[in-house]
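Peer 1: This is the structure I have questions about; it appears just below.
Here, each number is a calculation from the coordinates, and none is a lab measurement. These figures come from a predicted structure and were not determined experimentally. Cβ sites come from the backbone with ideal geometry, for glycine too, and all protein chains shown count toward neighbours.
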Amino acid sequence: MDIVLNFVYVAILLAVVVRVSLAARNKKQQDFGSLLLSICATLAAAVFALVSLAANSALVQSSSSFTRGLLLGFLGILAILVRLSWISNAAG
C-alpha cells in the first residue's frame, strides 16, 4: 500500500508541475520577463512537489490504515482537480 500511494502521489505531482509550467508558459506576451516568470513558477512547483513527496512518504510509513485511506481519498480529489484544470484549459 505504501508503494501504491507514493506512486500515485508522484504521478499527481508530476501532473501539477507540468500544468503549472504550461500555464506559466502560455502567457500572451513572450518577452524575457514572462520567460523568467515561467522558469521561477516551474522551479517553485518542482520544489513544492519534492517537499510534499517527502512529507507524504513519511506520513504514509508512520500512519494507520484509516489515515492511508484518507490520504488516498485526498489524492483522488487532487487528481480530479488537476484533470479539470486540463479540461478547462483545452476548452478555453
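Peer 1: For the chain, state what percent of all Cα-Cα pairs lands in each successive 5 Å bin, counting from 0 Å until the bin that includes the largest distance.
Peer 2: P(r) for the chain, in whole percents per bin: 2, 13, 20, 19, 17, 12, 8, 5, 3, 1, 0.
Peer 1: Another question, then. Tell me the relative contact order for the chain as a rounded percent, counting alpha carbon contacts under 8 Å between residues six or more apart. Don't skip to the end; give the middle numbers.
Peer 2: Details: 45 pairs, mean separation 37.6, N = 92.
41 percent.
Peer 1: With loop defined by DSSP as not H, G, I, E or B, and exposure as at most 13 other Cβ atoms within 10 Å, which is the longest segment of the chain clear of exposed trypsin sites (Lys or Arg not before Pro)? It would help to have the intermediate numbers written out before the result.
Peer 2: Values: sites that count: LYS27, LYS28.
Counting at most 13 other Cβ atoms within 10 Å as exposed, the longest clean stretch of the chain is 29-92.
Peer 1: Moving to a separate point now. Angle between the Cα long axis of helix 65-91 and the longest principal axis of the chain, 0 to 90 degrees, nearest 10?
Peer 2: Its long axis makes an angle of about 20 degrees.
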